[in-house]
Amino acid sequence: MVRTSQSKLNLTIPQLIDKILTVGEITRQEHLQLTSAILSDFNLTDDDRRQINRIFDHIQMRRMKIIDL
């Protein structure tokens, strides 16, 4: 079972994106949340989609780590 804090569950996608870009790392749960938002065609702005793709690019280029909590 994956546990997350309640405060993380209350973040909007733009808030989550800002947090990830500020901290410079992403948890597996946050990665799953962003992946689900992109794949489910969630109500995302073009800017949100660009930012999420930027995060995924950083992960792929090993400029950002996925961490386990």
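Condition check: surrounded by 13 or more Cβ atoms within 10 Å (Cβ to Cβ), modelled with pLDDT of 95 or more and in contact with a strand residue (DSSP E or B) (Cβ under 8 Å, 6 or more places away or on another chain). Does ILE26 satisfy that?
Numbers: surrounded by 13 or more Cβ atoms within 10 Å (Cβ to Cβ): yes; modelled with pLDDT of 95 or more: yes; in contact with a strand residue (DSSP E or B) (Cβ under 8 Å, 6 or more places away or on another chain): yes.
In short, yes.
Please go through region 9-23 and give me each residue that is surrounded by 15 or more Cβ atoms within 10 Å (Cβ to Cβ) and either at pLDDT 95 or above or over 21 Å from ASP41 (Cα atoms) (or both), ordered by number.
LEU16, ILE17, ILE20
So which residues in region 29-40 are open to solvent by 70 Å² or more (accessible area, probe 1.4 Å) and either closer than 14 Å to ARG54 by Cβ or in a loop (DSSP other than H, G, I, E, B) (or both), if there are any at all? Talk me through it step by step, then tell me what you get.
Our first condition is that a residue be open to solvent by 70 Å² or more (accessible area, probe 1.4 Å); within region 29-40, this holds for 32, 39-40.
If the condition is that a residue be open to solvent by 70 Å² or more (accessible area, probe 1.4 Å) and either closer than 14 Å to ARG54 by Cβ or in a loop (DSSP other than H, G, I, E, B) (or both), then SER40 is the only one that fits.
Yes or no: ILE55 of a type outside the set (Asp, Glu), touching a strand residue (DSSP E or B) at 6+ places or on another chain (Cβ under 8 Å) and not in a helix (DSSP H, G or I)? So that I can check it myself, show each step before the final result.
Details: of a type outside the set (Asp, Glu): yes; touching a strand residue (DSSP E or B) at 6+ places or on another chain (Cβ under 8 Å): yes; not in a helix (DSSP H, G or I): no.
Taking the combined requirement at face value, the residue does not satisfy it.
Do any residues in region 26-48 that are within 17 Å of ILE59 (Cα to Cα) have Cβ atoms under 9 Å from those of residues that are aromatic (Phe, Trp, Tyr) and surrounded by fewer than 18 Cβ atoms within 10 Å (Cβ to Cβ), where the two are at least six apart or on different chains, and which pairs are they?
Within 9 Å, the pairs are HIS31/PHE56; LEU34/PHE56; THR35/PHE56; SER36/PHE42; ILE38/PHE56; ASP48/PHE42.
Could you check region 41-52 and list, in sequence order, the residues that are open to solvent by less than 100 Å² (accessible area, probe 1.4 Å) and assigned to a helix (DSSP H, G or I)? Talk me through it step by step, then tell me what you get.
Kept after step one, since they are open to solvent by less than 100 Å² (accessible area, probe 1.4 Å), are these residues of region 41-52: 44-45, 47-49, 51-52.
ASP47, ASP48, ARG49, GLN51, ILE52 - these are the residues of region 41-52 that are open to solvent by less than 100 Å² (accessible area, probe 1.4 Å) and assigned to a helix (DSSP H, G or I).
The values are calculated or read from the model by the stated rules, or taken from the named source; none is laboratory data. What you see is a predicted model, and the numbers here were worked out from it, not measured in a lab. For neighbour counting, all protein chains shown are included, and Cβ atoms are generated from backbone atoms with ideal geometry for every residue, glycine included. Note: areas computed on protein heavy atoms with side chains; ligands, DNA, RNA excluded. Shrake-Rupley method; radii C 1.70, N 1.55, O 1.52, S 1.80 Å.
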